[in-house]
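Here's the structure we're looking at; comments come further down.
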Amino acid sequence: MNKRVFLSPPNMSGKEQEYIAEAFESNYIAPLGPFVNRFEESICNYTKAPYSLALSSATAGLHLALRVLGVGEGDIVLTSSFTFIGSVNAILYERATPFFIDSDESWNISPLLLKEAIALAPKKPKALIITHLYGQMAKIEEIVAICKEHNIYLIEDAAESLGASFQGKQSGVFGDLGVYSFNGNKILSTSGGGMLVSASKEWIEKASFFATQAKEPYLYYEHKEYGYNYRLSNILAAIGVAQMEVLEERVAKKRAIFEYYQEELSGIEEISFMPEIEGSRGNRWLTTITFEKTNPFEIIEVLEKHNIESRPLWKPMHLQPLFKESLQIRSGISENLFQKGLCLPSGTALQKRDIVAICTLIKKHI
Ligand SMILES: *Cc1c(COP(=O)(O)O)cnc(C)c1O
């Protein structure tokens, strides 16, 4: 490839600069303004979340979620092990204790292990953070039921899954709080940004308060609690408004990319694709595969020689040196996926001929 093929680069709709120009004209070069409001409204309209809060990142959103739920030192927070660290860092910020739960055949968190973890935990866990991995829905119905039964708050890390749904309901709105990311490689990008959603007005208002330095509503600066500077800039929100207009198109394209790969690689027995649970529609953020025999790290090298970016799957949290001593419950599945898996280029500007070329390289190597 003459031009580098990236894993999942941003794909602007063309409207972004127009909206940015509008933001400049209004001089709202600030972490508030009309585009922040419009961005929040567009998320509520699309996901049907009653309330939303635009933030500087999804990591900030997860942090605020734990903070408004009152999770603190010594509390146990259950969480998917097979995920990106942004999903769990906030647990450490609050000095709570993560309890890592392995995957099942869906690649996402195992509801069976979740039940076992609740039974095994040294004390009652306060919250659960689940990831909808690579934009594919976790077994959300079962997870919601388990959390209800045990009175555990559910936070959905939907950073990768904006636009994914189960029985028509969007990822991110099943839990008590949900978080989306607009980082550079996500399905939509504002260069950096996040959104917290909830059906609780009170929690979103409290999160907004913490996100703006916990400033009490007085004329002067009065503080009873500590906060953060986590709000999103109006300029970046202008990008977000334009990006939200093409979300459906982007999901359709991601799903088409997955199907092209599946067609092209269908003849190779040792390759499997990440599944989609019944009743769900993933956003196929990244097309991810596993090899039964071939070492995926060799494929990464082969593609790299042709200026094509591909990556291993997430290394599970329970295998990270940072979490050597952590509470965990394992199935061996995520470790196996990490050893055998590969993320293929899945940018929404990718052409079918690029996918054919990538698959030809993979087939030749095998
Ligand atoms: C990207 C990502 C995050 C972090 O999102 P930011 O907006 O970059 O903070 C968190 N969790 C998962 C699963 C992610 O993929």
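Annotations for the structure displayed:
- Alpha carbon Rg of segment 97-224, scaled by the compact-globule rule 2.2 N^0.38 Å: 1.20
- Estimated Rh, segment 16-244: Kirkwood, alpha-carbon pairs, angstrom: 17.8
- J(HN,Hα) series, segment 88-96, from Karplus relation 6.51 cos²θ - 1.76 cosθ + 1.60, nearest Hz, glycine and proline x: 10, 4, 4, 4, 5, 4, 8, 6, 8
- DSSP-defined antiparallel bridges as percent of all bridges, the chain, nearest 5: 55
- q = 0.13, 0.18, 0.23, 0.26 Å⁻¹: log10 I(q)/I(0) that the Debye formula gives for segment 70-146, counting C-alpha atoms only: -0.35, -0.68, -1.07, -1.29
- Note on segment 1-124: semi-axes of the ellipsoid equivalent to its C-alpha gyration tensor, largest first and rounded to whole Å, are 36, 22, 14.
- Of all accessible heavy-atom area on the chain, the percent that carbon and sulfur account for (1.4 Å): 51
- Cα centroid separation - segment 38-67 against segment 199-238, whole Å: 13
- Divide the volume of the convex hull around the Cα atoms of segment 247-365 by the residue count and you get 144 Å³ per residue.
- Backbone amide hydrogens, once placed in the peptide plane, bring Ser331 within less than 5 Å of Asp102, Ser103, excluding anything fewer than 5 places away on its chain.
- Solvent-accessible area per residue, Å², over the chain with all protein chains present [probe radius 1.4 Å]: 43
- Using only the C-alpha atoms, the convex hull of segment 175-257 corresponds to 124 Å³ per residue.
- Taking every alpha-carbon pair under 8 Å whose residues sit at least 6 apart, the chain reaches a relative contact order of 25 percent.
- For segment 75-85, 3J(HN,Hα) computed residue by residue from phi via the Karplus equation (6.51, -1.76, 1.60; θ = phi - 60°) reads 6, 9, 10, 6, 7, 4, 7, 8, 6, 8, 4 Hz, glycine and proline entered as x.
- By the Stokes-Einstein formula, at 1.306 mPa s and 10 °C, segment 1-45 with its Kirkwood radius over alpha-carbon pairs has D equal to 123 µm²/s.
- What you get for the chain, charging only the Cβ of Lys and Arg (+1) and of Asp and Glu (-1), is a dipole of about 300 debye around the Cα centre.
- Taking amide hydrogens as placed 1.01 Å from N in the peptide plane, the amide H of Leu154 sits under 5 Å from those of Leu128, Asp176, Leu177, each at least 5 positions away in sequence or on another chain.
- Remark on segment 219-285: hydrodynamic radius 16.4 angstrom, per the Kirkwood mean of 1/r across alpha carbon pairs.
- Taken one residue at a time, the phi angles of segment 39-44 give Karplus couplings (6.51, -1.76, 1.60, θ = phi - 60°) of 5, 4, 4, 5, 5, 4 Hz. Gly and Pro are set to x.
The values are calculated or read from the model by the stated rules, or taken from the named source; none is laboratory data. Model, not experiment: these values are computed from the prediction. So basically every Cβ, Gly included, is an ideal-geometry build from the backbone, and we count neighbours across all protein chains shown. These accessible areas exclude ligands, DNA and RNA; they are computed on the full protein's heavy atoms, side chains included. Shrake-Rupley method; radii C 1.70, N 1.55, O 1.52, S 1.80 Å.
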